[in-house]
1. Local charge sum around Q151 (other residues, Cβ-Cβ under 11 Å, Lys/Arg +1, Asp/Glu -1)?
2. With a Cα-only, solvent-free Debye model of the stretch 1-142, what are the log10 I(q)/I(0) values at q = 0.13, 0.16, 0.18, 0.22 Å⁻¹?
3. Using only Cα atoms, figure out Rg for the stretch 19-70 and give it as a multiple of 2.2 N^0.38 Å.
4. Over the residues of the stretch 143-249, compute the C-alpha Rg and express it relative to 2.2 N^0.38 Å.
5. What are the residues whose amide H is under 5 Å from the amide H of A9, where those residues sit 5 or more places off or on another chain and H is modelled from the backbone?
6. Order of H76, H97, H59 from fewest to most other C-beta atoms within 10 Å?
7. Report the far tail of the P(r) of the chain, meaning the percent of Cα-Cα pairs longer than 32 Å.
8. Using the Cα centre of the stretch 63-134 as the reference point, and only Cβ charges (+1 on K/R, -1 on D/E), how large is the resulting charge dipole? Debye, rounded to the nearest 20.
Amino acid sequence: MALKPLIAANWKMHGRQDWASKPGYLAGLLAGQGRTLPDVLFCPPALYVQSLAAAASQHGFYVGAQHCHPAESGAHTGDISAGMIKDCGAEYVIAGHSERRADHGETDADVRAQSEAAQKAGIVPIICVGESRAQREAGEAEAVVGLQLAQSVPDEATAQTIVIAYEPIWAIGTGLVPSLDDIQAMHGFIRAQLDARFGPAAAGLRILYGGSVKPANAQDILAISNVGGALVGGASLEMESFAQIVLAA
Ligand code: PGA
């Protein structure tokens, strides 16, 4: 059975405890629309995963964390493991977001290890890839993303156990978005890479687009072939705008 599109909110370092009311508020905004909804995922800061998971599950929404350490436990002050994320009621974890790669020096090998740890714990890693502006201008976008995929994605990739997010770094938080043709080309490229490496096992694996997704552009982006959902930052903080993106899927 084909998986539904996935619309994921990446709250980054935003929110407080009272944001646990947001899933309920979103459910109210979506009620009575008479449409099949996509899978809806909230990725709050780690401290709030547990309370968000309790709130979100009441409405059939999912919760994920924004990062995990590759080890199951150990002497890693300040880190959390995939098993802990699962234990707190979450089903997903973002791996290798460009802000983690930049702020914490995470490499493709780190992202792969985190993703393997997530799979082992029984949660789904959302593995982020994407080129910088300079790399796109130099015509290197596909080469960069191809290498990130080859090195960040574990060997056991199926549609049920992995999600990929294509997030051009220059589009994150800037209001800039690639042309629809460029998004289509990159998602087609990613699909071809996955097909070549994993074959039928990865058929239907969801490839999200992320980077300045807004209510105004969501419908056009989500209609592109091989776009299986969206990873939404800024526009996911207010449920009015997030609801419009959910309904565009
Ligand atoms: P943005 O962030 O929607 O604010 O551009 C997307 C992301 O970083 O996942």
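Here, each number is a calculation from the coordinates, and none is a lab measurement. Predicted model, so just to flag it, every value in this text is computed and none were measured. Cβ: placed from backbone, ideal geometry, glycine included. Neighbour counts: every protein chain shown.
1. Around Q151, the surrounding residues sum to -1.
2. Result of the Debye calculation: -0.62, -0.88, -1.05, -1.34.
3. This ratio for the stretch 19-70 stands at 1.21.
4. Taking the Cα Rg and dividing by 2.2 N^0.38 Å, one obtains 1.06.
5. Here the answer is L41, F42, C43, V232, since their amide H atoms fall under 5 Å of that of A9.
6. Ordered from fewest to most neighbouring Cβ atoms within 10 Å, H76, H97, H59 come out as H76, H59, H97.
7. Tail of P(r) above 32 Å: 14 percent of Cα pairs.
8. The dipole magnitude comes to about 100 debye.
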